[in-house]
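K.L.:
Here you go, one structure.
The values are calculated or read from the model by the stated rules, or taken from the named source; none is laboratory data. Keep in mind that this is a model prediction, so the values were computed, not measured. Please note: Cβ atoms are built from the backbone with ideal geometry, for glycine as well, and neighbour counts cover all protein chains shown.
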Amino acid sequence: MPIVIFELPDGTQRKVTADSGTVLMQAAVSNGVDGIVAECGGNASCATCHVYVDERHGEQVGPPNDVEDEMLDFTAAERRPTSRLSCQVQVSDALDGLVVHIPEEQV
Amino acid sequence: MSAVTTAAPGAPVVDLDLAELRRDPYPAYAELRRTAPLAWVPSVGRHLLTRYEDIVHAEKLPEVFSSREEGSLLLRTVGPNLLREDDPEHRRLRAAAEPPTRPRQVRDLWAETFEHNAHELLDRIAGRGEADLIGDFAEPLAAANLAVVLGLRNAGADDISDWSRAMMAANGNYADDPDIWLRAEQATRDIEDAVAEMADAARREPDGSVISSMVHAADPVELTEIQNNIKVIIGGGVNEPRDVFGVGAQALLQRPDVLDRVVADPGLWKRVFEETARWISPIGMYPRQLTQDYEIAGVALPAGSRVALVIASGNRDESVFERADEFDIDRPHRPHLAFGGGPHFCMGAWVARHEVSALAWPLVFSRLKVLRLVEGADDLMEGWVFRGLTSLNVTWQTS
Ligand code: FES
């Protein structure tokens with residue numbers, strides 16, 4: 001199972017094991033990673049599961065889908081080129097070692 | 001799964017007076033959080049779940065805490081609808097209805113009309129120097145904006161308000177008053193006709209509205225489904241923006257120092273909105289029914305148990321929000337529960353945020369100079385399932 005690393009705004013890292021086939025938000029929430037709120041439970045309606053994908057992994061993770069792209073304009077923390085909604089990022093073995101950064105604010 | 005309408009064995013039973021809850025539910029909620037975070041309340045016929053953590057937990061488990069509640073008054077009033085469905089049925093209807101309520105759509109399609117509507121209402125009262133900001137402004141504004149987003153060009157703001165009121169009354173018609181049912185039936189028939197007409201128009205010419213979006217959904221939706229879901233949205237869509245507007249405006253008028261800061265720094269309106277919705281949530285609770293045996297807040301509930309998620313109480317939970325009873329726009333960011341959570345996360349959230357915090361408040365406080373509350377006015381805060389001000393009497397300088 002792939003390991004993904006959530007880096008909190010203060011620089012501390014949380015390493016969690018994610019199930020392939022689920023989404024990144026799920027891995028964060030079920031492991032109690034602070035800073036991923038996920039109010040809408042993964043339906044791309046709330047924009048409170050925002051993450052910045054680490055530059056090194058940007059290409060691997062790919063661009064946001066249409067609905068997600070729209071929501072990303074309305075996140076609490078600024079949008080950056082590597083912004084994604086973690087509920088829209090599928091976990092796969094190819095993402096083993098992925099690093100994502102959690103923004104300061106979600107709401 | 002049939003509904004179990006009695007207390008779970010082992011659940012504490014707490015008598016709460018409905019009239020008292022209506023007047024001010026917060027003291028009772030504080031007591032429940034402290035002594036019985038899951039309690040059977042006979043007058044409500046449900047277990048009230050009142051702590052933040054437990055509510056969040058339940059919201060994230062829709063397969064256990066089902067929205068399909070049997071014997072629901074909402075079902076009787078409007079028929080099957082997305083609020084009382086679980087996924088995948090709920091998802092199909094939501095996907096069809098949601099696109100016009102997303103934030104970019106709100107900005108690109110509706111914001112201009114919302115602003116126009118607000119100015120028009122303010123033009124009407126500006127020269128008077130006094131008004132009830134609920135009846136003269138917030139309610140007609142919410143109704144007019146809702147008509148636009150839904151695509152009901154054949155209905156006026158007054159129709160929308162009347163329909164909403166008739167259905168809300170039926171929804172809380174626990175006393176089974178036949179007049180209330182009659183009025184609701186008339187309202188729902190009127191809505192059905194109006195929706196059928198606009199659905200026809202949208203079939204010929206899409207207009208980006210909710211009706212149009214449902215008519216053209218990739219996963220087909222029947223006309224009756226469109227009608228029922230529009231009824232639900234009309235039922236709630238007037239109250240919430242109206243109530244957040246009123247409660248927040250009153251809070252600021254009572255705190256001139258905070259108001260000065262917000263007027264000087266309009267970026268703060270967003271915080272006023274979120275704090276108002278936390279402090280006095282326009283929707284205070286919603287029902288769920290258990291699909292299986294499940295233990296929560298130390299009580300083993302049997303399948304079929306009826307539970308009310310009391311989000312108004314979760315939003316005052318001291319373990320999450322310090323000095324939770326105070327209105328404080330500077331409190332540390334913690335997510336509130338006012339929009340609900342999980343798949344049913346409020347579909348109107350982005351519409352309400354824009355219409356209230358980006359438009360209604362800033363326009364009212366910039367156009368009506370030296371705005372003051374009328375001293376001694378009987379502006380009542382009321383309700384526990386839904387809570388807001390019944391009126392907000394103010395004066396301002398006209399010259
Ligand atoms: S959880 Fe709501 S947008 Fe991702």
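K.L.:
I'd like the full set of residues that are more than 14 Å from chain A (Cβ to nearest Cβ) and free of Cβ contacts under 8 Å to residues at least 12 places away in the same chain, limited to region B:86-137.
P.N.:
Going residue by residue through region B:86-137, those that are more than 14 Å from chain A (Cβ to nearest Cβ) are B:89, B:110, B:112-137.
Hits for region B:86-137 are B:E89, B:E112, B:H116, B:E120, B:D123.
K.L.:
Taking B:A202 as the residue in question, decide whether it is under 23 Å from the mean Cα position of the chain (by Cα) and among the small types (G, A, S).
P.N.:
Working: under 23 Å from the mean Cα position of the chain (by Cα): no; among the small types (G, A, S): yes.
Answer is no for this residue.
Matching residues to (1) of a type in the set (A, V, I, L, M, F, W, C); (2) facing another protein chain (nearest Cβ under 10 Å); (3) surrounded by 15 or more Cβ atoms within 10 Å (Cβ to Cβ):
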site: A:A38; (1), (2), (3): yes, yes, yes
site: A:N43; (1), (2), (3): no, yes, yes
site: A:A47; (1), (2), (3): yes, yes, yes
site: A:G58; (1), (2), (3): no, no, no
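K.L.:
I would also like to ask the following. Criterion first (touching an Asp or Glu at 6+ places or on another chain (Cβ under 9 Å) and within 15 Å of the ligand (Cβ to nearest atom)) does A:G42 satisfy it?
P.N.:
Details: touching an Asp or Glu at 6+ places or on another chain (Cβ under 9 Å): no; within 15 Å of the ligand (Cβ to nearest atom): yes.
In short, no.
K.L.:
Still on this structure: Does B:L152 count as touching a Leu at 6+ places or on another chain (Cβ under 6 Å) and surrounded by 18 or more Cβ atoms within 10 Å (Cβ to Cβ)? Talk me through it step by step, then tell me what you get.
P.N.:
Working: touching a Leu at 6+ places or on another chain (Cβ under 6 Å): no; surrounded by 18 or more Cβ atoms within 10 Å (Cβ to Cβ): yes.
Taking the combined requirement at face value, the residue does not satisfy it.
K.L.:
Taking B:R68 and the conditions (1) in contact with a strand residue (DSSP E or B) (Cβ under 8 Å, 6 or more places away or on another chain); (2) crowded, with 22+ Cβ neighbours inside 10 Å, which numbered condition does it fall short on, given that it satisfies the others?
P.N.:
(2)
K.L.:
Hey, another quick one. So B:A97 passes all but one of these: (1) at pLDDT 95 or above; (2) over 20 Å from the mean Cα position of the chain (by Cα). Which condition number does it fail?
P.N.:
(2)
K.L.:
Is there a residue in region A:20-29 that is facing chain B (nearest Cβ under 10 Å), under 23 Å from B:R334 (Cα atoms) and within 13 Å of the ligand (Cβ to nearest atom)? Working first, answer last.
P.N.:
Our first condition is that a residue be facing chain B (nearest Cβ under 10 Å); within region A:20-29, this holds for A:29.
Keeping just the survivors that are under 23 Å from B:R334 (Cα atoms) gives A:29.
Keeping just the survivors that are within 13 Å of the ligand (Cβ to nearest atom) gives A:29.
Within region A:20-29, one or more residues are facing chain B (nearest Cβ under 10 Å), under 23 Å from B:R334 (Cα atoms) and within 13 Å of the ligand (Cβ to nearest atom).
K.L.:
Can we say B:E185 is charged (D, E, K, R) and under 17 Å from the mean Cα position of the chain (by Cα)? Explain how you work it out, then say what you get.
P.N.:
Working: charged (D, E, K, R): yes; under 17 Å from the mean Cα position of the chain (by Cα): no.
It is false that B:E185 is charged (D, E, K, R) and under 17 Å from the mean Cα position of the chain (by Cα).
K.L.:
What is the number of the single condition among (1) under 12 Å from the mean Cα position of the chain (by Cα); (2) buried (at least 20 other Cβ atoms within 10 Å of the Cβ); (3) more than 12 Å from the ligand (Cβ to nearest atom) that A:L95 does not meet?
P.N.:
(1)
K.L.:
Quick check on region B:307-319. Is at least one of its residues farther than 21 Å from B:E53 by Cα and more than 13 Å from chain A (Cβ to nearest Cβ)? Steps first, answer last, please.
P.N.:
Filtering region B:307-319 down to residues farther than 21 Å from B:E53 by Cα leaves none.
No.
K.L.:
Give me the pairs, please: first residue somewhere in region A:52-70 and more than 16 Å from the ligand (Cβ to nearest atom), second residue anywhere and in a strand (DSSP E or B), beta-carbon distance under 6 Å, and either six or more positions apart or on two chains.
P.N.:
These pairs meet every condition: A:D54/A:V99; A:H57/A:L98.
K.L.:
Could you tell me how many of the residues in region B:328-347 are crowded, with 19+ Cβ neighbours inside 10 Å and under 17 Å from A:V107 (Cβ atoms)? If you could, list the steps in order and put the result at the bottom.
P.N.:
The initial filter retains those residues of region B:328-347 that are crowded, with 19+ Cβ neighbours inside 10 Å, namely B:329, B:335-347.
With the extra rule that they be under 17 Å from A:V107 (Cβ atoms), the set shrinks to B:329, B:335-342, B:345-346.
Of the residues in that region, 11 qualify.
K.L.:
Looking only at region B:59-85, which residues are more than 19 Å from the chain's Cα centre (by Cα) and within 14 Å of chain A (Cβ to nearest Cβ)?
P.N.:
If the condition is that a residue be more than 19 Å from the chain's Cα centre (by Cα) and within 14 Å of chain A (Cβ to nearest Cβ), then B:K60, B:L61, B:P62, B:E63, B:V64, B:F65 are the ones that fit.
K.L.:
Right, here's the next one. Of the residues in region A:77-107, how many are over 18 Å from A:G41 (Cβ atoms), within 12 Å of another protein chain (Cβ to nearest Cβ) and at pLDDT below 95?
P.N.:
3
K.L.:
Now for a different question. Wholly within region B:239-299, which helices (runs of 4 or more DSSP H) include no fewer than the required count, namely at least 2 residues that are of a type in the set (D, E) and under 20 Å from the mean Cα position of the chain (by Cα)?
P.N.:
Working: elements: B:239-253, B:256-264, B:269-279.
Per the criteria, B:239-253, B:269-279.
Residue by residue, here is whether (1) touching a strand residue (DSSP E or B) at 6+ places or on another chain (Cβ under 6 Å); (2) within 30 Å of B:E382 (Cβ to Cβ); (3) β-branched (V, I, T); (4) crowded, with 23+ Cβ neighbours inside 10 Å holds:
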residue: B:M214; (1), (2), (3), (4): no, no, no, yes
residue: B:L223; (1), (2), (3), (4): no, no, no, no
residue: B:I230; (1), (2), (3), (4): no, yes, yes, yes
residue: B:L253; (1), (2), (3), (4): yes, yes, no, no
residue: B:D265; (1), (2), (3), (4): no, no, no, no
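K.L.:
Report yes if some residue within region B:33-53 is more than 20 Å from B:G304 (Cα to Cα), within 14 Å of chain A (Cβ to nearest Cβ) and modelled with pLDDT of 95 or more; otherwise report no.
P.N.:
Going residue by residue through region B:33-53, those that are more than 20 Å from B:G304 (Cα to Cα) are B:33-36, B:51-53.
Next, from what is left, pick out any that are within 14 Å of chain A (Cβ to nearest Cβ): B:52-53.
Subset that is modelled with pLDDT of 95 or more: B:52-53.
Yes: region B:33-53 contains one or more residues that are more than 20 Å from B:G304 (Cα to Cα), within 14 Å of chain A (Cβ to nearest Cβ) and modelled with pLDDT of 95 or more.
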